[in-house]
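The values are calculated or read from the model by the stated rules, or taken from the named source; none is laboratory data. What you see is a predicted model, and the numbers here were worked out from it, not measured in a lab. Using ideal geometry, Cβ is built from the backbone for each residue, glycine included, and neighbour counts are taken over all protein chains shown. Calculation scope for accessible area: heavy atoms of the full protein, side chains included, ligands and nucleic acids excluded. Shrake-Rupley method; radii C 1.70, N 1.55, O 1.52, S 1.80 Å.
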Amino acid sequence: MLQKGSRWRAFVACLLKEAREAVEAWLDVRGRTDGPIFSTRTGNAMTRAMTYKVLKRFEAQANSRFSPEEHMTVSPHTLRHTLLRKLAETRGVHYAKKQSGHRSDKYIWRYVTPTDDELTEEDL
């Protein structure tokens with residue numbers, strides 16, 4: 001169970017097929033034992049701060065190959081946005097809302113509404 005504010009909810013990790021296959025491959029390599037999927041050198045679960053640092057390292061490596069205009073920003077929250085948008089596109093907004101854990105419809109639109117940069121002249 002995971003506490004969100006004053007309420008508890010079952011924690012279900014929603015992964016796209018490609019990510020699920022990558023996690024399965026990782027579990028085959030590290031072994032299918034109990035414990036955290038990703039751990040530190042000491043075997044402890046990675047914290048949110050550690051995860052953020054890893055993502056920032058990946059971001060820096062990726063951006064080293066791009067011009068400054070093409071640089072991207074990666075964070076756990078941008079990954080959440082990407083996942084929920086992809087779910088909305090493939091399975092529908094109601095499915096994405098359920099996976100997000102939000103009770104109100106107003107929150108899911110933050111995740112699935114395209115940005116101005118994503119809209120093309122054809123869309124307008």
(request) Quick one: residue 60 ticks every box in (1) more than 25 Å from residue 35 (Cα to Cα); (2) modelled with pLDDT under 85; (3) part of a helix (DSSP H, G or I) except a single one, so which number is it? (result) (2)
(request) Please go through segment 55-111 and pick out each residue that is touching a Ser or Thr at 6+ places or on another chain (Cβ under 8 Å) and among the small types (Gly, Ala, Ser). (result) none
(message) If residue 34 satisfies all but one of (1) open to solvent by less than 90 Å² (accessible area, probe 1.4 Å); (2) part of a loop (DSSP other than H, G, I, E, B), what's the number of the condition it fails?
(response) (1)
(request) Tell me which residues, restricted to segment 1-31, are more than 27 Å from residue 95 (Cα to Cα) and either at pLDDT below 85 or in a loop (DSSP other than H, G, I, E, B) (or both). (result) 31
(message) Looking only at segment 87-103, how many residues end up being surrounded by 13 or more Cβ atoms within 10 Å (Cβ to Cβ) and in a helix (DSSP H, G or I)?
(response) 9
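Take the conditions without any contact (Cβ under 8 Å) to a residue 24 or more places away in the chain and either surrounded by 11 or more Cβ atoms within 10 Å (Cβ to Cβ) or of a type in the set (Ser, Thr, Tyr) (or both) and apply them to residue 50. Does it pass? Talk me through it step by step, then tell me what you get.
Values: without any contact (Cβ under 8 Å) to a residue 24 or more places away in the chain: yes; either surrounded by 11 or more Cβ atoms within 10 Å (Cβ to Cβ) or of a type in the set (Ser, Thr, Tyr) (or both): yes.
Criteria met by residue 50.
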(message) With the structure loaded, tell me whether residue 84 is of a type outside the set (Val, Ile, Thr), open to solvent by less than 60 Å² (accessible area, probe 1.4 Å) and within 21 Å of residue 19 (Cβ to Cβ) or whether it fails that test.
(response) yes
(message) I need the full set of residues from segment 37-47 which are aromatic (Phe, Trp, Tyr) and either part of a helix (DSSP H, G or I) or open to solvent by less than 80 Å² (accessible area, probe 1.4 Å) (or both), in order please.
(response) none
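Taking only segment 64-80 into account, find how many residues are farther than 24 Å from residue 111 by Cβ and in a helix (DSSP H, G or I).
Our first condition is that a residue be farther than 24 Å from residue 111 by Cβ; within segment 64-80, this holds for 64-69.
Going one step further and asking which of them are in a helix (DSSP H, G or I), we end up with 68-69.
Result for segment 64-80: 2.
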